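Okay, so here's the structure we're looking at.
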Amino acid sequence: MKKKSIFDGTLTIQKDNWLEVFSACLGRVMANQIACGELVIKDKDWNVDFAEGVISFGEDKYPVQFIGNESESTGTWLWGWENVNNFQKNVIELAEETKSLGASIGLKELTTAEIEISETLNGHTFAIVACGLSDKHICYYRGPHQNGAILVAFSDIDLKVFSEIDAEKFISVVMDSIQNFEVNHKIFIESFLYQNNILFAWKENCIIAHFKEDLNIEFEELDNNNLRILNIETVLKS
């Protein structure tokens, strides 16, 4: 199962624009996170052993990567590639790959070691982009601690987590995402459909997405020429 990149050329994304890159990563990563919670994490206790290079959920262990850390005392995010903890290189490979890609596309949020935490820039959003840009099938976990939280990615997960989702789940992820994150709605929907292997077409201000049943996603145009989702509904095929 090959992972589709948001930069494959099918989508028009301004690579040095944080909101556009984040919006393109969000849908597929959130679908993966939900499936991972249901199939892998469940209600199991978690533990990270960076010396061994694993994260455990109950008795199950997975190779782990340190993405970065949120600090409550400073109100900042620190990327794992800064490596103030002197972790082994194999534990920060994802963070370093994310920085390298950020440098190649001119996205300063991925190449600035310490960043003030906000609604748009925080552990969750950085982890979403790190996982979304990676060519590997990975999920992330936010582990709270006394002074903040660590964000880690883990691999060797049941590939069912990354399966295509149906229209009902697609709608659920879309509605949850636009309620909880600032996104470019057009890029978010187009990228999510593309990465979910769903063919779609524009008809005026509406996307028609061809799941088992068609899904109509209607947009309204805002004053700044951006589009916002107005309505989303399934249409039974005749």
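The values are calculated or read from the model by the stated rules, or taken from the named source; none is laboratory data. Note that the structure is predicted; figures quoted are calculated from it, not measured. Here the Cβ positions follow ideal geometry from the backbone for every residue, glycine too, while neighbour counts run over all protein chains shown.
Taken over the stretch 198-238, the criterion of being without any contact (Cβ under 8 Å) to a residue 60 or more places away in the chain and within 20 Å of F181 (Cβ to Cβ) is satisfied by I207, I217, F219, E220, L222, N224, N226, L227, R228, I229, L230, N231. Only one residue in T125, T98, T111, T120 is touching a Leu at 6+ places or on another chain (Cβ under 9 Å), without any contact (Cβ under 8 Å) to a residue 60 or more places away in the chain and of a type outside the set (A, V, I, L, M, F, W, C), so which one is that? Of the residues listed, the single one that is touching a Leu at 6+ places or on another chain (Cβ under 9 Å), without any contact (Cβ under 8 Å) to a residue 60 or more places away in the chain and of a type outside the set (A, V, I, L, M, F, W, C) is T98.
Consider the stretch 1-47 and keep the residues that are hydroxyl-bearing (S, T, Y) and closer than 27 Å to S118 by Cα. The one that is surrounded by the fewest Cβ atoms within 10 Å (Cβ to Cβ) is T12. When the residues of the stretch 62-90 are filtered to those that are small (G, A, S) and in a loop (DSSP other than H, G, I, E, B), the one that is nearest to the chain's Cα centre (by Cα) is G75. Of a type in the set (A, V, I, L, M, F, W, C), within 14 Å of F154 (Cβ to Cβ) and at pLDDT 95 or above: does that describe L94? Considered against the rule, which asks whether it is of a type in the set (A, V, I, L, M, F, W, C), within 14 Å of F154 (Cβ to Cβ) and at pLDDT 95 or above, L94 comes out as yes. With the structure loaded, tell me whether K136 is in contact with a Phe, Trp or Tyr (Cβ under 8 Å, 6 or more places away or on another chain), farther than 21 Å from Q14 by Cα and among the basic types (K, R) or whether it fails that test. No.
Residues considered: E52, E82, E93. Of these, the only one that is within 21 Å of S5 (Cβ to Cβ), surrounded by fewer than 18 Cβ atoms within 10 Å (Cβ to Cβ) and of a type outside the set (S, T, N, Q) is E93. Within 17 Å of the chain's Cα centre (by Cα) and free of Cβ contacts under 8 Å to residues at least 24 places away in the same chain: is that true of K2 in this structure? Considered against the rule, which asks whether it is within 17 Å of the chain's Cα centre (by Cα) and free of Cβ contacts under 8 Å to residues at least 24 places away in the same chain, K2 comes out as yes. When we screen L199, L230 for residues that are more than 15 Å from the chain's Cα centre (by Cα), farther than 30 Å from N122 by Cα and either surrounded by 14 or more Cβ atoms within 10 Å (Cβ to Cβ) or among the aliphatic types (A, V, I, L, M) (or both), the only hit is L199.
Across the stretch 91-114, which residue is nearest to A51 (Cα to Cα) among those that are among the hydroxyl-bearing types (S, T, Y) and part of a helix (DSSP H, G or I)? Top of the filtered list is T98. Kindly indicate whether any position in the stretch 166-183 is surrounded by fewer than 21 Cβ atoms within 10 Å (Cβ to Cβ), in a helix (DSSP H, G or I) and among the aromatic types (F, W, Y). No: zero hits. Against the condition part of a strand (DSSP E or B), at pLDDT 95 or above, surrounded by 13 or more Cβ atoms within 10 Å (Cβ to Cβ) and among the small types (G, A, S), how does A209 come out, does it pass? So A209 fits the description; yes. Name the single residue, out of those in the stretch 10-61 being hydrophobic (A, V, I, L, M, F, W, C), in contact (Cβ under 8 Å) with a residue 40 or more places away in the chain and assigned to a loop (DSSP other than H, G, I, E, B), that is farthest from H145 (Cα to Cα). It comes out as L11.
Per-residue answers, yes or no, for (1) of a type outside the set (V, I, T); (2) touching a helix residue (DSSP H, G or I) at 6+ places or on another chain (Cβ under 7 Å); (3) within 21 Å of G37 (Cα to Cα):
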{"residue": "T76", "(1), (2), (3)": "no, no, no"}
{"residue": "V84", "(1), (2), (3)": "no, no, no"}
{"residue": "E97", "(1), (2), (3)": "yes, no, no"}
{"residue": "G106", "(1), (2), (3)": "yes, no, no"}
{"residue": "T111", "(1), (2), (3)": "no, yes, no"}
{"residue": "I115", "(1), (2), (3)": "no, yes, no"}
{"residue": "V129", "(1), (2), (3)": "no, yes, yes"}
{"residue": "S134", "(1), (2), (3)": "yes, yes, yes"}
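Scanning the stretch 117-170 for residues that are more than 13 Å from the chain's Cα centre (by Cα) and either under 24 Å from F211 (Cβ atoms) or not assigned by TED's automatic domain parsing to the domain that holds I92 (or both) yields D158, L159, K160, V161, S163, E164, I165, D166, A167, E168, K169, F170.
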